[in-house]
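Working notes, beginning with the structure itself.
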Amino acid sequence: MAVNIEGKVVVITGASSGIGEATARLLAQKGAHVVLGARRTDRLEALVSAIRAEGGSARYRALDVTKREDVEAFVNFAQSEFGKVDIVINNAGVMPISPLEALKVNEWNQMIDVNVRGMLHGIAAGLPVMKKQGFGQFINVSSTAGHAVHPTGAVYSGTKFAVMAISEGLRQENDNIRVTVISPGLTKSELDDTISDPALAEGMRVSRKNAIGADAIARAIAFAVEQPADVNVSEIIMQPTASPY
């Protein structure tokens, strides 16, 4: 039997577009209190206004996931507003793919900082709250790139493999906190905007013409949330039906 999402307090990083935005809209429609974080506060403000106009409950706060103090303040803000934190969705991510020989070390560091360290900051902020409450759920967004490596994507895949490993360790260490990994394949998003190589960026944009919508990933996240407390959905992998890999 599905658990009612109504009344759950959900914090979402990278909430200004794509999967984060779609998840915020869907969970708010289902009655959750959503607390949204990202750097683009103009988008967050517009999203919160749209959710409230539909009768939903939403707050927002400027957030840079690479800064631990930012993430801790973000989670504390949610707790102070609603008295608890049921779910932390570590969704913020970047994907400036390139061949290793291009030596785009700054972009490698950016992926590590956002995709891995950003998630760890979310865990560091949310875990003490959940341990004190005695319940909670982390939903960490990985990728099918966390299962297979392709040319130009080595570092990106490395960060998404790390999401998988850290999430599994977190699950094993806690018997009253659920941990779910969401691994999307090609999904409509703005990730391509972080690719600095014009040819690679264009190739990715062409590939995404057959991508699934972010709303599909949002539904998968809702499914994981709606399971009874004694059921942990460890991972959901989603791809376009016509995906070649």
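Read the figures in this text as sums done on the coordinates, not as results from a lab. All of these numbers come straight from a predicted model, not from anything done at the bench.
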Tell me the angle of helix 41-53 to the major Cα principal axis of the chain, expressed in degrees between 0 and 90 and rounded to the nearest ten. 50 degrees
May I ask you to compute the full-extension gain from Ala199 to Glu45, defined as 0.36 nm times their residue separation minus their alpha-carbon distance, rounded to one decimal in nm? 52.1 nm
For the chain, what relative contact order do you get, as a whole percent, if you take Cα pairs closer than 8 Å and at least 6 residues apart? 21 percent
Degrees between helix 214-225 axis and first principal axis of the chain (Cα, 0 to 90, nearest 10): 40 degrees
Checking the cross-link filter: which lysines have an alpha carbon closer than 28 Å to that of Lys188, excluding same-chain neighbours under 8 positions apart? Lys8, Lys30, Lys67, Lys104, Lys160, Lys209
Could you state the angle between the C-alpha long axis of helix 198-207 and the longest principal axis of the C-alpha atoms of the chain, as a value from 0 to 90 degrees rounded to the nearest 10? 60 degrees
